[in-house]
Amino acid sequence: MSSSEAEPDRGWFVRILDNSGGAEEGIVEEVKDFQDLAHANAYARAYVRDSVERCRVGGAVGREVLEAWFSFGEDAIVVEAGDDGWKSASELEDFAATPATPMERDWRTLDPRRLVEDDEEVEL
């Protein structure tokens with residue numbers, strides 16, 4: 001199976017990891033049912049971006065933010081995506097150096113659990 005193909009019965013999923021070690025094996029949750037790899041990558045990136053911002057105390061930048069994130073933040077991994085999956089390590093320093101915009105942090109709108117099929121009823 002190539003790295004750009006998800007298992008047919010599972011689809012793409014993102015594993016959320018607790019850097020503080022508070023969760024069993026570090027896994028907080030697994031978010032499933034992404035439309036495609038690009039969707040899973042965008043979600044993982046926004047989730048980590050938001051986590052970094054929650055660790056930014058008093059306008060800190062750089063090393064202080066990274067230290068807080070590695071101690072208290074949450075990482076996101078696109079499972080079984082190989083080299084095609086987004087990796088936090090490639091952007092952490094940039095995230096720590098520059099505060100995010102609200103749009104960069106908005107993983108909630110990318111959450112596949114919020115997506116509803118047209119034929120499904122939505123309770124208001």
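Couple of notes before you dig in:
- Pick from the range 67-93, criterion in contact with a Cys (Cβ under 7 Å, 6 or more places away or on another chain) and assigned to a helix (DSSP H, G or I), ranking: farthest from residue 13 (Cα to Cα): 68
- The single residue among 100, 96 that is under 17 Å from the mean Cα position of the chain (by Cα), modelled with pLDDT of 95 or more, assigned to a loop (DSSP other than H, G, I, E, B) and over 23 Å from residue 25 (Cα atoms) turns out to be 100.
- Close contacts from the range 40-57, counting a first residue that is under 23 Å from residue 13 (Cβ atoms) and in contact (Cβ under 8 Å) with a residue 60 or more places away in the chain and a second that is among the hydrophobic types (A, V, I, L, M, F, W, C) and part of a helix (DSSP H, G or I), with Cβ to Cβ under 9 Å and a gap of 6+ residues or different chains, come to 42/110; 43/110; 46/103; 46/110; 47/110.
- Residues satisfying the stated conditions in the range 55-84, i.e. open to solvent by less than 80 Å² (accessible area, probe 1.4 Å) and aliphatic (A, V, I, L, M): 60, 61, 65, 66, 68, 76, 77, 78, 79, 81
- Hits in the range 27-40 (condition: out of contact with any Lys or Arg (no Cβ under 9 Å at 6 or more places or on another chain) and either surrounded by 15 or more Cβ atoms within 10 Å (Cβ to Cβ) or among the basic types (Lys, Arg) (or both)): 34, 37, 39, 40
- If the condition is being open to solvent by 50 Å² or more (accessible area, probe 1.4 Å), outside any loop (DSSP other than H, G, I, E, B) and at pLDDT 80 or above, then the range 1-26 contributes only 15.
The values are calculated or read from the model by the stated rules, or taken from the named source; none is laboratory data. All of these numbers come straight from a predicted model, not from anything done at the bench. Counting neighbours? That spans all protein chains shown, and the Cβs are built from the backbone with ideal geometry, glycine included. The area values use the complete protein model at the heavy-atom level, side chains included, leaving out ligands, DNA and RNA. Shrake-Rupley method; radii C 1.70, N 1.55, O 1.52, S 1.80 Å.
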